[in-house]
Amino acid sequence: MTPLPDLALCVALVANGEVEMSLAERIRGCKWVVGVDGGINHCYGMGLELDWIVGDFDSAEPSILEHYAGCRAVPLERAKDETDLEVAIAQMVGFGPVVVFGGLGGRLDHMLGNLFLLLRYPGRVFLVSEDQWVFASSDELEGASFALGEVGRDAQIVVLDRRGVSPLMESLHLLERFSKNGGHFVSARGERVCFIDASIGRVVFPCHKGQTVSLLPFQGPADKIVTEGLQWEFTPGKLERLDRDFIGISNVCLGEQFSIQLGEGVLLCIMH
């Protein structure tokens, strides 16, 4: 199995998810520390010095952004195909193993999107919380692993949790059960979560203008996707496929309904 890296050799990325204050010393022990978008708010609260800041900073407190104005910065546009964390990992992974603090918890679509990022960098990128190390491994494992991507192609997601029972792994297996039945549910955060199978045809969802919608492939690519009513549409011959290398986080509803249809695979639709 992939060995856990020495933090003294790692790049710490502090993201905008849930970050326990008790992690401050671990973060300080890393070779470099990078604040990613609203993650700089956590950094300021923990009294961290930063080597870089990366993001469009739409989630950053203006006064805190000013505090870190002397850091090396990678400013990003708000309208882009990648998340801020996605860009930060691509920028920093060449400097050594990347450990992400604040990549677990928070919005379900962001957390799942972060798991897909692990599949791109097996054994090189790790999501870390107080109790967990989460990473991708190409080794065949049982018990603490989950095949989030295409079976036979992707590495598996591995969860090491010192509590023994992993809430993250339980959530992934819950999603798997719902996916087999074309199910839907409302998360504890009020997110509406729906699975769309290629066999059920066009599905219409009520929504409100400006509502955020994320579309993610589940356990394999989703292809031949057609949408209507979203700011960034999926259309044949242009953008029509989602897989581990391209996921649809934070699309926007244009009116009071939108529709989705796909030819192959299963889509996970998360509405905020």
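Comparing 242, 110, 122 along the charge dipole axis of the chain, the residue lying farthest to the positive side is 242, per the Cβ-charge model. Take each peptide in 109-116, 187-194, count the other Cβ atoms within 10 Å of every residue, and average; sorted highest first, the result is 109-116, 187-194. The long axis of helix 167-180 is offset from the longest Cα principal axis of the chain by roughly 10 degrees.
The aspartates and glutamates whose alpha-carbon is closer than 18 Å to the alpha-carbon of residue 80, local same-chain residues fewer than 8 away aside, are 37, 56, 58, 109, 233, 240, 243, 245. Close amide H contacts of residue 71 (hydrogens built in the peptide plane, cut-off under 5 Å, sequence separation of 5 or more or a different chain): none are found.
Find how much the distance from residue 231 to residue 28 grows on full extension, using 0.36 nm per residue of separation minus their present alpha carbon separation; answer in nm with one decimal.
The span from residue 231 to residue 28 would gain 69.1 nm if fully extended.
Each label was represented as a point 7 Å from its Cα along the Cα-to-Cβ direction; for residue 74 and residue 203 these points are 3.4 nm apart. Ranked by the mean number of other Cβ atoms within 10 Å of their residues, highest first, the peptides 234-245, 82-93 fall in the order 82-93, 234-245. Distance from the Cα centroid of the stretch 57-98 to that of the stretch 161-230 is 27 Å (rounded to whole angstrom).
Dipole magnitude for the chain: about 200 debye, using +1 per Lys or Arg Cβ and -1 per Asp or Glu Cβ, origin at the Cα centre. Extension gain for residue 257 to residue 189 (0.36 nm times residue separation, less C-alpha to C-alpha distance): 22.3 nm.
With respect to the chain, whose longest principal axis is taken over its alpha-carbon atoms, helix 108-120 is tilted by about 70°.
Under a 5 Å amide H cut-off, with hydrogens placed 1.01 Å from N, residue 76 pairs with 55, 56 among residues at least 5 apart or on other chains. Annotation: peptides 166-174, 100-108, ranked by per-residue average of other Cβ atoms within 10 Å with the highest first, follow the order 100-108, 166-174.
Rule-based calculations on the coordinates, nothing more; no lab input. Here the structure is a predicted model, which means the values were calculated and not measured. Here Cβ is always computed from backbone atoms with ideal geometry, including for glycine, and neighbour counts include all displayed protein chains.
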